[in-house]
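Visitor: Before anything else, here's the structure in question.
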């Protein structure tokens, strides 16, 4: 089986703790051949743990080396657009960490670049690869709780200044809309859209509660899907609490957890899988076999971001998602 020669660009938290463990399990599909990072010491450290690929002092040198078929971008969000553009100019495939960009306006430019290139641009949204959300979708479509009327998702992350994500420089002074609200929120938007379909409008309030987190860190929303399902999504990155994901139908309700779904009085176990490994596997097959890029499609990632940007800019007013995607 042909291996893809992969360059790692950015050796921070995502590359070290999320991407590399997945790539280690996929050594039959990928060979890490090059690495670069803003701090050379971080690149060298990553190289030592990943088979000693060539370390480059700059992204441009890595792209010009001829050592990579694809790059894995795990860089500050504001670099996604220029780094994707440079890779495509060099004829190199891209897998890039979410969110797609700092805002919908620049995200549209990435979508345009992808459409006009014969190389793959894959936005790495691992929630689109999480088995439990696909299982929930399956059970709903099978009518297990009747016609869905309402869903509520409350998420209490509870970060403080000791959290390594909070200490990341580019997150302290975020250039991406809403700070953590979009950084983490596109995950939740992806799951909601996967299960229930497209969101038509949203009314939301966003707040900055913690002095330790860059940007806003609390969001509460009311919204409606195009199919008429009403939803509430509340998330806080500074407050602690118990998460709850509830779906209410005309014949019962379900609660969604990471490893199970409680369906009325029954428990449906969902085997845990590495969603990062699954997204890299999918990226491989999109490149090598020509599989449609449905799960890493930049247009889907743009819709995730549009939901969050509409929430952040709503100020309590009814705001239509389509206004951000025109």
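Visitor: Kindly provide the set of residues from the stretch 47-60 that are in a helix (DSSP H, G or I) and within 19 Å of residue 18 (Cα to Cα), ordered by number. Don't jump to the end; show me each part of the working.
Guide: Going residue by residue through the stretch 47-60, those that are in a helix (DSSP H, G or I) are 47-49, 59-60.
Scanning the stretch 47-60 gives 47, 48, 49.
Visitor: A follow-up question, please. Check whether at least one residue in the stretch 134-141 is part of a loop (DSSP other than H, G, I, E, B), over 22 Å from the mean Cα position of the chain (by Cα) and either surrounded by 20 or more Cβ atoms within 10 Å (Cβ to Cβ) or on the phi < 0 side of the Ramachandran plot (or both), and report yes or no. Before the answer, list the steps.
Guide: First pass over the stretch 134-141, keeping only residues part of a loop (DSSP other than H, G, I, E, B): none.
Among the residues of the stretch 134-141, not one is part of a loop (DSSP other than H, G, I, E, B), over 22 Å from the mean Cα position of the chain (by Cα) and either surrounded by 20 or more Cβ atoms within 10 Å (Cβ to Cβ) or on the phi < 0 side of the Ramachandran plot (or both), which makes the answer no.
Visitor: State the number of residues belonging to the stretch 61-76 that are in contact with a helix residue (DSSP H, G or I) (Cβ under 7 Å, 6 or more places away or on another chain) and part of a helix (DSSP H, G or I).
Guide: The qualifying residues number 1.
Visitor: Please specify each residue of the stretch 275-302 satisfying the condition of being assigned to a loop (DSSP other than H, G, I, E, B) and surrounded by 17 or more Cβ atoms within 10 Å (Cβ to Cβ). Spell out the reasoning first.
Guide: We begin by selecting, within the stretch 275-302, every residue assigned to a loop (DSSP other than H, G, I, E, B); these are 289-297.
293, 295, 296, 297, listed by residue number.
Visitor: Out of (1) under 14 Å from the mean Cα position of the chain (by Cα); (2) on the phi > 0 side of the Ramachandran plot, the odd one out for residue 91 is which?
Guide: (1)
Visitor: So, one more: Going by the structure shown, is residue 250 under 25 Å from residue 144 (Cα atoms), modelled with pLDDT of 95 or more and in contact with a strand residue (DSSP E or B) (Cβ under 7 Å, 6 or more places away or on another chain)? Let's see the steps before the verdict.
Guide: Details: under 25 Å from residue 144 (Cα atoms): yes; modelled with pLDDT of 95 or more: yes; in contact with a strand residue (DSSP E or B) (Cβ under 7 Å, 6 or more places away or on another chain): yes.
So residue 250 passes the test.
Visitor: So, in the stretch 29-68, how many residues would count as being closer than 11 Å to residue 9 by Cβ and touching a strand residue (DSSP E or B) at 6+ places or on another chain (Cβ under 6 Å)?
Guide: Summing the residues that are closer than 11 Å to residue 9 by Cβ and touching a strand residue (DSSP E or B) at 6+ places or on another chain (Cβ under 6 Å) in the stretch 29-68 gives 9.
Visitor: List every residue pair whose Cβ atoms sit under 6 Å apart, with the two residues 6 or more apart in sequence or on different chains, where the first one lies in the stretch 159-181 and is under 18 Å from residue 106 (Cα atoms) and the second, anywhere, is modelled with pLDDT of 90 or more and surrounded by fewer than 19 Cβ atoms within 10 Å (Cβ to Cβ).
Guide: 175/78
Visitor: Another one. Identify all residues within the stretch 182-222 that are over 14 Å from the mean Cα position of the chain (by Cα), touching a residue at least 60 places away in the same chain (Cβ under 8 Å) and farther than 22 Å from residue 161 by Cβ; write none if there are none. Before the answer, list the steps.
Guide: From the stretch 182-222, those over 14 Å from the mean Cα position of the chain (by Cα) are 195-222; that's our starting set.
Among the residues that remain, those that are also touching a residue at least 60 places away in the same chain (Cβ under 8 Å) are: 195, 198-206, 216, 219, 221.
Scanning the stretch 182-222 gives 195, 198, 199, 200, 201, 202, 203, 204, 205, 221.
Visitor: Identify, from the list 273, 279, the residue that is touching a helix residue (DSSP H, G or I) at 6+ places or on another chain (Cβ under 6 Å) and modelled with pLDDT under 95. Show your work before the answer.
Guide: Values: 279 fails: modelled with pLDDT under 95.
None of the others qualify; the one that does is 273.
Visitor: Which one of 31, 61, 45 is under 25 Å from residue 286 (Cβ atoms), surrounded by fewer than 21 Cβ atoms within 10 Å (Cβ to Cβ) and touching a residue at least 12 places away in the same chain (Cβ under 8 Å)?
Guide: The match here is 31.
Visitor: Also: Given (1) surrounded by fewer than 19 Cβ atoms within 10 Å (Cβ to Cβ); (2) part of a helix (DSSP H, G or I); (3) assigned by TED's automatic domain parsing to the domain that holds residue 312, where does residue 85 come up short, assuming only one miss?
Guide: (3)
Visitor: On the basis of being in contact with a strand residue (DSSP E or B) (Cβ under 9 Å, 6 or more places away or on another chain), at negative phi and not assigned by TED's automatic domain parsing to the domain that holds residue 174, does residue 113 make the cut?
Guide: Numbers: in contact with a strand residue (DSSP E or B) (Cβ under 9 Å, 6 or more places away or on another chain): yes; at negative phi: yes; not assigned by TED's automatic domain parsing to the domain that holds residue 174: yes.
Yes.
Visitor: Continuing with this model, one more query. Could you look through the stretch 156-193, keep only residues that are in contact with a helix residue (DSSP H, G or I) (Cβ under 9 Å, 6 or more places away or on another chain), surrounded by fewer than 19 Cβ atoms within 10 Å (Cβ to Cβ) and not in a helix (DSSP H, G or I), and pick out the one that is modelled with the highest pLDDT?
Guide: In this case the residue turns out to be 157.
Visitor: Can you give me the number of residues within the stretch 22-46 that are part of a strand (DSSP E or B) and within 23 Å of the chain's Cα centre (by Cα)? Don't jump to the end; show me each part of the working.
Guide: First pass over the stretch 22-46, keeping only residues part of a strand (DSSP E or B): 30-36.
From what is left, the residues that are within 23 Å of the chain's Cα centre (by Cα) are 30, 32, 35-36.
Residues that pass the stated criteria total 4.
Let's see how each residue does on (1) surrounded by fewer than 19 Cβ atoms within 10 Å (Cβ to Cβ); (2) over 16 Å from residue 181 (Cβ atoms):
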position: 218; (1), (2): no, no
position: 221; (1), (2): no, no
position: 226; (1), (2): yes, yes
position: 236; (1), (2): no, no
position: 245; (1), (2): no, yes
position: 252; (1), (2): yes, yes
position: 266; (1), (2): yes, yes
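The values are calculated or read from the model by the stated rules, or taken from the named source; none is laboratory data. All of these numbers come straight from a predicted model, not from anything done at the bench. Positions of Cβ are backbone-derived with ideal geometry, glycine not excepted, and every protein chain shown enters the neighbour counts.
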